[in-house]
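Visitor: To start, I am sharing the structure in question, which I have written as C-alpha cells.
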Amino acid sequence: MLRFVSPGREPAEKGTDLLVQLKDIEKGKPARYVLDVSTHLCGDPAFPIEVATGQLKTTIEDHRDGYLLSYQIEAKVQAPCSSCGELLDFVVSSQGRLGLSLVQPEEGHVVLKPSDLDVRFLEEPQLDLQHFFDEQVELEIPQFPRHGDEDACQRHYSEILETEKKTDEESSPFSVLSSLLESENGSKS
Ligand SMILES: [Zn+2]
C-alpha cells in the first residue's frame, strides 16, 4: 500500500508496479512517498528472500543534474542458510541518498569520483518504488546467508535426516509387511 504525501501527481499503479514519473516532480517541490510493502519474495529465485513486512520512505527532488533521492528502509525478511537451507531472520534498517541521472554514462565511462558510485542511470524518467525497495533489501542481505556457527547447520541437518527417516519408515513396503505380520500374529494368539 502506498501513501502519497506530497503535492503533485500520484504514482500510477500498474499491476505490481508503482511507477513514479520523475517529470511530474517540480523544481523546489520534493515529492514524498511512504510505501508499506506486503509479503512477497525477491532476489535470486535459487536463494529467494522473503519479505515479511517492510516500509520504504522516500523523498525525490529535482536537482541540477537529474534527481536526488533519499530513502529510509525498514524490513523484516527471511532468507535460507546457503549451507543447510534453514530460514534465517534478518532485520533490514538502512538509509541513504543517491542521484538519479537520465543522461547515460558515456561509453568507456570510468567511475573515478566516489560521488559517481551513488548515481543510478535510468533509461526512462520513471522509478518503480517496489523494485527500488527490493533492490535495496537485496543489497543488505549477504549474498550467501549462513548460520553464524556450524553447529546450527548441523542441528538442522539432523532434523532433516530425522524427518526423512520417519517418512521412509512409514512408507517402506517392509513396514507395511511387518504391520501386517504383527496383526496376523496378533489374531492367531
Ligand atoms: Zn545453516
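Readers should treat all values here as calculations from the given coordinates under stated rules, not as data from a laboratory. Everything quoted here is computed from the prediction, not taken from an experiment. In this analysis, Cβ positions are derived from the backbone assuming ideal geometry, glycine residues included, and neighbour counts consider all displayed protein chains.
Visitor: Report the full-extension gain for the segment Leu68 to Ser82: residue separation times 0.36 nm, less the Cα-Cα distance, to one decimal in nm.
Guide: In short, 1.4 nm is gained.
Visitor: Determine, from the Cβ-Cβ distance of Thr53 and Glu182 and an R0 of 41 Å, the FRET efficiency 1/(1 + (r/R0)^6), rounded to the nearest 0.05.
Guide: The calculated FRET efficiency here is 0.20.
Visitor: Can I ask one more? For His40 and His131, calculate 0.36 nm times their separation in residues minus their Cα-Cα distance, and state this gained length in nm to one decimal. All intermediate terms of the calculation are to be shown ahead of the outcome.
Guide: Numbers: separation 91, 0.36 × 91 = 32.76 nm, distance 1.18 nm.
Residue separation times 0.36 nm, minus the Cα-Cα distance, leaves 31.6 nm.
Visitor: May I ask you to derive the FRET efficiency for Leu122 and Ala152 from their Cβ-Cβ distance with R0 = 41 Å, giving the value to the nearest 0.05? Write out the running numbers ahead of the final one.
Guide: On the way: r = 42 Å, r/R0 = 1.01.
Computed FRET efficiency for Leu122 and Ala152: 0.50.
Visitor: So, by mean Cβ neighbours within 10 angstrom, what's the order for 46-55, 141-150 with the highest one leading?
Guide: Top to bottom by mean Cβ count within 10 Å: 46-55, 141-150.
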